[in-house]
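S.K.: Structure in structure tokens, see below.
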Amino acid sequence: MFAYIGRRVAILLVILFGSSFLLYNLAAISGDPLEGLRGSTDPKAKAQIAALVRTLHLNVPPPARYFMWLKGIGGIFTGHFTLGTTRDGNPVSTYLNSAIPTTIRLITMATVVAIIMGIAVGIISALRQYSRFDYAMTFVAFLMYSLPIFWVAVLLKEYLAINFNNFLANGKISPAWIISAAIISGFFWAALISGNRKKVQIIFAIAAFSTAVFLSLLSLTKWFTHPGLGPLMMFVLGMGFAFAVTYTSTGFNNKAALRSAQAMPIIGLIFYFPVEYIFSKHPGVTPIALMFLLTIIVAVSTALFFAKIDRGPVIRTSVITSVLVGILFLIDKLMKTWVPYINTDAIHFRPIPTISQSNSLLPAGNFWFTFLDTVTHLVLPTVALTLISFAGYVRYSRGTLLEVLNQDYIRTARAKGLTERTVIMRHAFRNTLIPLTTIIVVDFASIIGGAIITEHVFGWQGMGTLFNTAINNYDLNLLMGVFFVTSSLAVLANLAADLLYSALDPRIRVVGKK
Amino acid sequence: MNARLKTRSFVAAVSAVSVALIGFVAVPAHAAARTTAIIIESNTFTSLNIGNPADNIVINGDVSYLTSMGFYHYDNNLKIVPNTVLGTYKNTVNKAGDFEVKYTIAPGRVWSDGAPITGADLLLAHVTASTKFAKAAGLPDPTDSSVTPAFDSGAYGGVYDQHVVGEPTLSADKMSVTVKYDTAIPDWVLNGIGGPFPVHTLEMLAAGKTTLGTAAENAAATAKFVSDFTSKNKDAFVAMGKVWTTGYEATTIDSSTNPLLLVNNGAYLVKSVDTNQITLTANPTYNSGPALSGITTMVIKQGIGDGSPSAQAIANGDADVYQGQPTADAVAQLKAIKTATVVTSSSLAYEHIELRVASNDSTPYTGPFAMSAGQKSADLRKAFLLAYPRQDIVSKLIQPINPNAIVLGSTWALPGNPNYDHASSQVGSSVYSAGTQASRSAAALALVKKWYPKAGKGNTPVAINLLWGSPGNTRRASEAALIIASEAAAGFKVTAPATKGWGGKLTSSAYDAHFFIFDQTANPQDAQSCGTFQTNQGSNYTGYSNAVVDAACVKLQSATLPASTVEREQVIAETQIVKDAFFLGIFQNPDVTAYNSALSGVIPAPLSPSLVWNFWTWHFTA
């Protein structure tokens, strides 16, 4: 095992060295860092050229210059690690330090949402193979997959930002929108639930009608300009979560799990006003984290109270439910912040921005404003990235689950008389996750590489933007800095994926020698 | 979950919503006129000090312009407007071998930390521009490109450096500084001291201070600077040079930033810089320039791409002002925004075609345009320029962006310059715009036929290597396609592939012609053109050398001349250039400015800082 890791790491170092040498030289000969200055008629341009040649060592041939750069990396052993300076004289590490968190913030959320939704939709469409839903999702997945992100971004900005903000000026949903949303919702639920013709028609009618009523109510009550859940709504949603989580986690037959999960929204309802008080009086990350911790403790205790035997699944069910209820609390608080937030001079009734990752004009020190500001800035890029990356997960999880369902052990499980839920969730789903895990690990490594186009379109200064700037300005050190971080992570993630695979799948083992 | 359950929870949700949410109707209150203007820029902030050549980029320049006030600024008609609120400058002595300019700070002007602005604050300009001073103080020689100067400034080697005599002298009341030159230098305003620099903060930063000083400490630091300056204290200048060169580099600024770095005399002060935006707030002690008209906070959103990201940001109200060089599509997108006003203008940057007439590097140039080939090459050059589709380029590629764009008749006096009409009628460039392109191409073919009688359609005996830019530059790629087609009709076979690293090949004899952009940063007597046409100058990439042009340049660069003489000399030089048929301007780079129609006062100017040059007049009308 250790010999295997050692050998892999050694190979990785060679790969990193070779690829960085190649990239450095290719990048160095591909452009002229002085290009912009050569077209300047300013008499000072000459001095500027001389200064750049001196600071960037442009008079040294690229292969030799590469080793000057490598010497800075090698400084890691002597405590003089440096990635050099950019052409504007700032250290490359300064840029990386601010770009990495930005990129992580931008892409983590989108990736997590894409993974959860992608796997969920993929599994449902695998279970309903060749159904209307399956065909519909396959179509949607390929459609999303083929959409160029810059175009998706332009559309999202037009409809979810510009038009939505215009809409907020009065908060009334036009009948045309309500009707189209009702029809889309009808089709969606009818396709999802499926069945014979009559059942489909009934589902369509119910879904379309409820959506229309629901949206009309939102419109009439001006919910969008004054959003909020309120204790009652949160209780109802919490109960919905309790049923859903219990169904997928243990099944309704486990009464202890169902009761324990149902207890969560009830406890939530009791603590609605105390939590609200803490949110308002002691805003901040620490109180929220403590409350989540407390929630989990309560959830575990409740589970222990209800379950006498086989406690694991019950604890799991109530913890998941309690966390979801906790998130409802956060959403409720953010919705309450909405009205004062859009009333600030900085927002001025146009809360969804098309660019940037924060608004510096908001009154400083208001935790909930900052929180909501981060969320509103994240909405569009997250939706855009989720839309295009979720398709891949749908296709992959669908395919994997179908393959697993054909395995002998699934037949055995069914033959044993296990319920369909147990077969799917315990035997099939878990095995589906093995190959998915390895994909996800590599995906997370590539997150750091940033999303060049997305960041550009939404004006985020992440790794993708740095990479783009480096190329456009012929800023070799900056380019190599981005490359150093992303390539190191990429090779490490591949190693981690291999190790994880062997850890998850007992049939695969890593060995030290061939 | 089964269907029934789903339906039930849905119905439950609907009823819950109707019970839980009974909202009140709220109408957005109409606030008073806004006091915050938000600008979008495509590059990102790197430094508070633009004297450093590496930091000389648009966004740093704009921040500097908004936060510091100098003795003058350029207006939108290329005229220098003195800032008499800060102080005055005047030429006091003008005789052979002695030319003196006296700068006086008006009494009562203060820095943002309350320290008074005095003549001592003007002395640093000499330190960062005079090679003689650096050498005398024992600092590294700024003209030696292998060592980093103590103050890594882009001003060394300029007109000031060449002609300044001794050190500027501080008057007894310490409010005036007199600079002495060995001759009546041209553009003595532009080439002299631009404005004050808070030297007391520089001294304190060099001493490692991290908090603002008291009035006494500030006065002591200013006094120390004057004594360091007079005694040429090497150690002090090494320490200050380090701060000046690297200390002002900053990609983020917040409350933990050393406040001494932010002391300035402009209308705004930098409050914070993060990865997204630069926030500038009104300077409470500001009295160095015209008063603000209503914008008390200026925000610059940085790193926002040209085109649809900027247009949609304006449409969504995320920003109020945008200036850039977008495509025709993006202009259409901007014009479609109901709440925005779009203005297209021309910057002092112009695309041009130049032909190689002699060698610039060690390889001799023997191509078709070589001047050494006499009349034949003269005819071929003229033919090439005649067949050059300038009008086509302007109408197909530029007018969709700027409908007022014209084919350039003069590059020494660009459109917008009051002399433009006169110059373009005098220098002889009308030959290249008379008639239609078809008639010009026919004239070109006739010239080529003198030397290649069989030239014509399908027979292109003169091979031309044309250099233009990297593959990503779509506008130039379109230009190249137009050129190849048009020149073929006159017997030229133009090879013009996109070239990575083309900038480094401008001096190569392998290319017979180049077209690219020349970017002008000021409008001095020589129109920044002598560098392009004078023998062996910095941006002379054609190998051109002509005694008439050189003589005119010497005149334009050696003394302050009356406006009529300047114009006459410029016309003399450009007439010669047009006669030698190796250089023609094509179009001025179009700038597009879009701003919130409620914001009043935004008028783009051709020279940097072209967007914010009159920021003090900006205000919201609604």
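None of the figures in this text is laboratory data; all of them are computed from the coordinates on show. Everything numeric here is computed off the predicted structure, so don't read it as measured data. Cβ coordinates were reconstructed from backbone atoms using ideal geometry, including for glycine residues, and neighbour counts include every protein chain displayed.
S.K.: Using alpha carbons only, how many angstrom separate the centre of the range B:316-367 from the centre of the range A:126-153?
M.R.: Between the Cα centres of the range B:316-367 and the range A:126-153 lies a distance of 41 Å.
S.K.: Kindly put A:318, A:301, B:564, B:486 in sequence by how many other C-beta atoms sit within 10 Å of each C-beta, fewest to most.
M.R.: Least to most surrounded, the residues fall as B:564, A:301, B:486, A:318.
S.K.: What is the distance in Å between the Cα centroid of the range A:231-252 and that of the range A:1-60?
M.R.: 56
S.K.: Among B:157, A:279, B:612, which residue has its Cα furthest toward the positive end of the charge dipole of the protein assembly as shown, with +1 on Lys/Arg Cβ and -1 on Asp/Glu Cβ?
M.R.: A:279
S.K.: What does the charge count around residue B:160 come to, taking other residues whose C-beta lies under 12 Å from its C-beta (Lys +1, Arg +1, Asp -1, Glu -1)?
M.R.: Neighbour charge sum, excluding residue B:160 itself: 0.
S.K.: Please work out how much length the chain gains when fully extended from residue B:329 to residue B:603, using 0.36 nm per residue of separation minus the C-alpha to C-alpha distance, in nm with one decimal.
M.R.: Between residue B:329 and residue B:603, full extension yields an extra 96.4 nm.
S.K.: I've got another one for you. Averaged over its residues, how many other protein chain Cβ atoms are within 10 Å of peptide A:239-250's Cβ atoms?
M.R.: Going residue by residue through A:239-250 and averaging, the value is 2.
S.K.: Something else about it: Among A:397, A:194, A:210, which comes first, second and so on when ranked by fewest other beta-carbon atoms within 10 Å?
M.R.: Fewest-to-most Cβ neighbours within 10 Å comes out as A:194, A:210, A:397.
S.K.: Points 7 angstrom from Cα along the Cβ direction at residue A:26 and residue A:273: gap in nanometres?
M.R.: About 6.7 nm, to one decimal.
S.K.: At 222 nm, what value in deg cm²/dmol follows for chain A if DSSP H runs of at least 4 each add -39500 (n - 2.57) and the sum is divided by all its residues, to the nearest 500?
M.R.: -25000 deg cm²/dmol
S.K.: If you rank A:409, B:74 by fewest surrounding Cβ atoms within 10 Å, what's the result?
M.R.: The fewest-first ordering by Cβ neighbours comes to A:409, B:74.
S.K.: Could I ask something else about it? When only Cα pairs under 8 Å and 6 or more residues apart are kept, what is the percent relative contact order across the range B:347-589?
M.R.: 35
S.K.: Something else now. Provide the convex hull volume over Cα atoms per residue for the range B:462-504, in Å³.
M.R.: Measuring per residue, one finds 52 Å³ for the Cα hull of the range B:462-504.
S.K.: In percent, how large is the relative contact order of chain B, given Cα pairs closer than 8 Å and 6 or more residues apart?
M.R.: The value is 18 percent.
S.K.: Taking a cut-off of 28 Å between Cα atoms, list the lysines near residue A:199, but don't count ones fewer than 8 places away on the same chain.
M.R.: B:6
S.K.: Here is a further query. Work out which helices of chain A, taken as complete DSSP H runs, extend at least 20 Å along their axis over the Cα atoms and score a mean Kyte-Doolittle of 0.5 or more, then list them.
M.R.: Those that clear 20 Å and a mean of 0.5 are A:2-30, A:92-127, A:132-146, A:175-193, A:197-220, A:230-249, A:255-270, A:285-306, A:311-343, A:367-405, A:429-448, A:476-504.
S.K.: Can you work out the FRET efficiency for the pair residue B:421 and residue A:421, with r the C-beta to C-beta distance and R0 = 60 Å, to the nearest 0.05?
M.R.: For residue B:421 and residue A:421, the calculated efficiency is 0.10.
S.K.: What nm distance separates the two modelled labels at residue B:85 and residue B:366, each placed 7 Å from Cα along Cα→Cβ?
M.R.: The two pseudo-label positions are separated by 6.5 nm.
S.K.: If you build the convex hull over the alpha carbons only and average its shadow over all orientations, what do you get for the range A:172-221? Give it in nm² to one decimal.
M.R.: Over every viewing direction, the Cα hull of the range A:172-221 projects on average to 3.0 nm².
S.K.: If the cut-off is 16 Å between C-alpha atoms, which aspartates and glutamates fall inside it for residue B:174, apart from same-chain ones fewer than 8 positions away?
M.R.: Of all the aspartates and glutamates, those that pass the test against residue B:174 - Cα under 16 Å, at least 8 places apart if same chain - are B:121, B:228.
S.K.: A further question follows. Between the range A:293-320 and the range B:416-472, what is the C-alpha centre distance in whole Å?
M.R.: The distance from the Cα centre of the range A:293-320 to that of the range B:416-472 comes to 85 Å.
S.K.: Right, here's the next one. When the helix-only estimate is applied to chain B (DSSP H runs of n ≥ 4, each -39,500 (n - 2.57), divided by the residue count), what is the mean residue ellipticity at 222 nm, nearest 500 deg cm²/dmol?
M.R.: After summing the helix terms and dividing by residue count, I get -8500 deg cm²/dmol.
S.K.: By a straight-distance test (C-alpha under 25 Å), which lysines pair with residue A:172 as possible cross-link partners, with residues fewer than eight away in the same chain excluded?
M.R.: Excluding near neighbours in sequence, the set is A:157, A:222, A:333, A:336, B:338.
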